[in-house]
Amino acid sequence: TATESLRELLDKHSFDVTPMTLVDHEVRGCVGCLKCFFHTPGQCIFDDLCRALPERFVNSDLAVFVIPVSFGGFGADFARAYTRMMIQLESHLAEIVDGELRRKRRSAEEHPPLLVVGLEERPDSDVEAIFTNLIERSVCHHLQVPAFELVFLDAEQPQAQVSVTLRDALAELERRSS
């Protein structure tokens with residue numbers, strides 16, 4: 001599978017991999033209480049997997065999101081986890097960057113480069129364009145990653161092609177982040 005190929009590739013590059021599979025956990029959505037903004041800065045009131053995500057993200061050398069693509073978007077599990085992670089990483093303070101409003105980071109620590117693997121049933125350029133825009137404008141914009149690479153894999157791709165696609169994406173991401 002794509003996840004196994006990715007794991008093998010990261011092992012070859014000596015990355016210490018800590019998989020966090022959302023479907024194995026109950027992921028609660030943000031309730032908008034703003035306690036993570038003001039009362040317990042950077043820490044969500046819900047003590048679940050999503051509370052650990054921001055710290056693991058910030059302390060990693062590389063973040064990898066493997067996301068099933070559905071109609072050009074991501075599923076509810078990822079949306080809930082991403083929203084809670086983003087809220088915990090951002091402060092309530094904002095600034096204008098390149099003509100856009102951005103929330104300031106809670107921490108001065110640099111965020112890691114990001115590899116996003118979009119999993120499709122079958123290749124679809126329209127779906128890929130929508131998903132690419134969604135990832136660039138929301139995930140990469142809010143997380144303020146120094147570099148990111150997005151690749152699409154589908155169920156029909158031969159394993160050898162999956163491995164080459166992932167290897168090339170990781171090489172490009174390493175090139176952009178150095």
Worksheet item: Between a first residue in the range 162-178 that is closer than 15 Å to Lys12 by Cβ and without any contact (Cβ under 8 Å) to a residue 60 or more places away in the chain and a second residue that is open to solvent by less than 60 Å² (accessible area, probe 1.4 Å) and charged (D, E, K, R), which pairs have beta carbons less than 7 Å apart while being 6 or more apart in sequence or on different chains?
Response: Ala169/Glu149
Response to the item:
Residues of the range 52-89 being among the hydroxyl-bearing types (Ser, Thr, Tyr) and touching a Cys at 6+ places or on another chain (Cβ under 7 Å), in sequence order, are Thr83
Worksheet item: Looking at the range 12-54, which of the residues that are part of a helix (DSSP H, G or I) and under 21 Å from Leu119 (Cα atoms) is least open to solvent (accessible area, probe 1.4 Å)?
Response: Leu22
Discussion item. Looking at the range 132-152 only, could you name the residues that are surrounded by 15 or more Cβ atoms within 10 Å (Cβ to Cβ), of a type outside the set (A, V, I, L, M, F, W, C) and part of a helix (DSSP H, G or I)?
Written reply: Thr132, Ser138, His142
Fill in: Any hit, the range 15-38, residues being of a type in the set (S, T, N, Q) and over 16 Å from the mean Cα position of the chain (by Cα)
no
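Across the range 112-123, what is the total count of residues that are open to solvent by less than 60 Å² (accessible area, probe 1.4 Å) and either in a helix (DSSP H, G or I) or not hydrophobic (A, V, I, L, M, F, W, C) (or both)?
Of the residues in the range 112-123, the ones open to solvent by less than 60 Å² (accessible area, probe 1.4 Å) are 112-120.
Add one more test, that the residue is either in a helix (DSSP H, G or I) or not hydrophobic (A, V, I, L, M, F, W, C) (or both), and what stays is 112-113, 118, 120.
The qualifying residues number 4.
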Worksheet item: With respect to Phe57, is the statement that it is in contact with a strand residue (DSSP E or B) (Cβ under 6 Å, 6 or more places away or on another chain) and either surrounded by fewer than 18 Cβ atoms within 10 Å (Cβ to Cβ) or within 17 Å of Val17 (Cα to Cα) (or both) true?
Response: yes
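The values are calculated or read from the model by the stated rules, or taken from the named source; none is laboratory data. These numbers come from a predicted model, not from an experiment. Ideal geometry is used to build each Cβ from the backbone, glycine not excepted, and the neighbour counts take in all protein chains shown. Note: accessible area is taken over every heavy atom of the protein model, side chains too, but ligands, DNA and RNA are not part of it. Shrake-Rupley method; radii C 1.70, N 1.55, O 1.52, S 1.80 Å.
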